1. Within the range 77-104, how many residues turn out to be part of a loop (DSSP other than H, G, I, E, B) and farther than 14 Å from Gln134 by Cβ?
2. Give the residue, chosen from Ala26, Ala46, that is of a type in the set (Gly, Ala, Ser) and surrounded by 15 or more Cβ atoms within 10 Å (Cβ to Cβ).
3. Starting from residues that are of a type outside the set (Ser, Thr, Tyr), in contact (Cβ under 8 Å) with a residue 40 or more places away in the chain and loosely packed, with under 14 Cβ neighbours inside 10 Å, keep the ones in the range 55-89 and report whichever is nearest to Gly33 (Cα to Cα).
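Just so you know, all these numbers are worked out from the coordinates, no wet-lab data involved. Note that this is a predicted model, so its numbers are computed, not measured. A quick note on method: Cβ atoms are made from the backbone with ideal geometry, for glycine too, and the neighbour counts reach across all protein chains shown.
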Amino acid sequence: MTLWKVSVLCGLVLLCSCFVNGKYNATDVENFGKLCNATQEDIAVALNYNIPSTETGKCFMKCIAGLVDMISSENKFVKSKLQAVLTTYFSETPIDTILKIIEICYNETASITSPTELASCDYYYKSFLCFNIQYKLNGMLPVV
């Protein structure tokens with residue numbers, strides 16, 4: 001293989017990995033896992049671009065939402081905060097795609113209004129699962 005072909009191939013690999021990963025990486029997931037007392041199993045699921053479905057994994061998602069400041073004092077996702085977080089961690093995603101995903105997932109969980117349910121780990125699991133599915137449907141995360 002000629003040098004220019006190797007260079008192009010390496011460039012494409014770097015471009016694709018940056019496109020898929022944005023600013024969120026394995027170290028971020030592992031650090032959040034430690035801060036949130038997540039199990040190694042839950043961290044491994046998240047590292048594979050999936051949302052952990054165990055009770056500890058659901059609470060891991062709730063903890064992340066609080067750490068990155070995506071929620072209100074009433075435990076409800078805030079669109080402007082979601083946009084700030086998603087544009088930071090997925091900076092390669094076009095803003096119109098981010099706004100579309102926020103709208104879809106915000107509406108999907110809008111019927112959840114009970115303070116008890118909003119404070120539950122299950123609410124965060126449902127929300128993160130929606131974001132994960134939408135990002136995969138839009139080609140921004142790999143399907144693993």
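1. Start the filter on the range 77-104 by keeping residues that are part of a loop (DSSP other than H, G, I, E, B), which leaves 78, 90-94.
Next cut, farther than 14 Å from Gln134 by Cβ only: 78, 91-92.
The qualifying residues number 3.
2. Numbers: Ala26 fails: surrounded by 15 or more Cβ atoms within 10 Å (Cβ to Cβ).
Testing whether each residue is of a type in the set (Gly, Ala, Ser) and surrounded by 15 or more Cβ atoms within 10 Å (Cβ to Cβ) leaves just Ala46.
3. Filtering first and then ranking leaves Glu55.
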